[in-house]
Amino acid sequence: MNVFDFDNTIYDGESGVDLFRFYLKRYPDLLKFTPKVAAALIRYKQHKITVDEAIALYAPIIEDFLRRLEDPERDMREFWDLHQHKIKPFYENLRREDDLIISASPETELAEICGRIGVKCFLGSVIDDDTRQITHFNFRQNKVAYFRQKYPDAEIDTLFTDSFNDRWLMEIAKHVVLVDGDKYRRIK
C-alpha cells in the first residue's frame, strides 16, 4: 500500500487555508478570527504551544462555525469544483488501486475529492455529523494510531509526504518519498 499525505503533497497548497478563503466569501464575519488563528499558527510554529493546546483553544471556534453550515456536502462539492485543479499531475502517474490518503484535513473534505480522483481509502480528522465536534485530530503521531486502528494488518510500502511532521509514519513505512512542489525524491 502506498500512503500519501494530502496538503502540499498531492494537493498544491494547504486545502484548509483555501477552504477558509472559500468560506470567508460566504461568511465575511470569519475575518474576525484571522488574528487569533494566525497567532495560534505562529505560536505553534515557534513551539510555544502544543498541538493539543492549540486544539483546546481553537477547536470550539471551528466547531461553532461548523454548526452554522446548512449543507456541508454541497459546500464540499462547490469547493472542489473550484480547487480540484490543484491536485498535482504527478499523482495520476503514481496512483495505484490500493492507495491511502492520510491527512489532518477533515474526512468530510477528503471524501469528495477522493471520490473524484478515484481514491477509495482515506483517513482524516473526524467531525461528528450531529454535534459538529472534532472527535479525532489526525495529525503527527495520531496518524499512526488511526492507521493501525483502521488497517491493523496493512504495511506501508511507500509513504509520500512533504513534511517531517509525518516522522511517525516514516518510521513504519518501508520507503519514504519527500515531495517538494512537483518534484519528489526517495529518502528511505
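Please identify the trypsin sites (Lys or Arg not before Pro) of the range 54-98 that satisfy two criteria: DSSP loop assignment and at most 11 other Cβ atoms within 10 Å. Which are they? Intermediate results must be reported in sequence, preceding the final value.
Values: sites: R67, R68, R74, R77, K86, R95, R96; in loops: R95, R96.
Taking the range 54-98 and a limit of 11 other Cβ atoms within 10 Å, the loop trypsin sites (Lys or Arg not before Pro) found are R96.
Hey, fewest Cβ within 10 Å first, where do F137, F160 land in order?
Working: F137 19, F160 24.
Result, fewest neighbours first: F137, F160.
Taking 24 Å as the cut-off for C-alpha to C-alpha distance, list the pairs among K36/K86; K48/K86; K36/K143; K143/K174 that go past it.
Working: K36/K86 27 Å; K48/K86 32 Å; K36/K143 26 Å; K143/K174 16 Å.
Cα-Cα > 24 Å for K36/K86; K48/K86; K36/K143; rest within.
Give, rounded to the nearest 20 debye, the magnitude of the charge dipole that the chain has about its Cα centre when Lys and Arg contribute +1 at Cβ and Asp and Glu contribute -1 at Cβ. Present the calculation step by step, with values, prior to reporting the outcome.
Values: 29 positive and 34 negative charges, 141 e Å.
Using only the charged Cβ atoms, the result is roughly 680 debye.
Tell me the label-point distance for the pair Q133, Q84, using the 7 Å Cα-to-Cβ offset, in nm and rounded to one decimal.
3.5
Between rounded, prolate and oblate, where does the range 129-185 land on the alpha carbon gyration tensor, with a ≥ b ≥ c its root eigenvalues, rounded for a/c under 1.5, else prolate if a/b exceeds b/c?
Numbers: a/c = 2.64, a/b = 1.53, b/c = 1.72.
Here the range 129-185 falls in the oblate category.
Name the shape class, rounded, prolate or oblate, that the alpha-carbon gyration tensor gives for the chain, where a ≥ b ≥ c are the square roots of its eigenvalues, rounded holds for a/c under 1.5, and otherwise prolate holds if a/b is larger than b/c and oblate otherwise.
On the way: a/c = 1.62, a/b = 1.38, b/c = 1.18.
Note, shape of the chain comes out prolate.
So in the chain, what percent of DSSP beta bridges are antiparallel if you round to the nearest 5?
Numbers: 7 of 22 bridges.
Rounded to the nearest five, the antiparallel share is 30 percent.
According to the square roots a ≥ b ≥ c of the eigenvalues of the Cα gyration tensor, what is the shape class of the range 5-44, taking rounded for a/c under 1.5, prolate for a/b larger than b/c otherwise, and oblate for the remainder?
Numbers: a/c = 4.52, a/b = 1.31, b/c = 3.46.
It is oblate, given that a/c is not under 1.5 and a/b is not larger than b/c.
Every number here is computed from the coordinates shown, using simple stated rules; none is lab data. Remember, it's a predicted structure, so these values are computed and weren't measured experimentally. Positions of Cβ are backbone-derived with ideal geometry, glycine not excepted, and every protein chain shown enters the neighbour counts.
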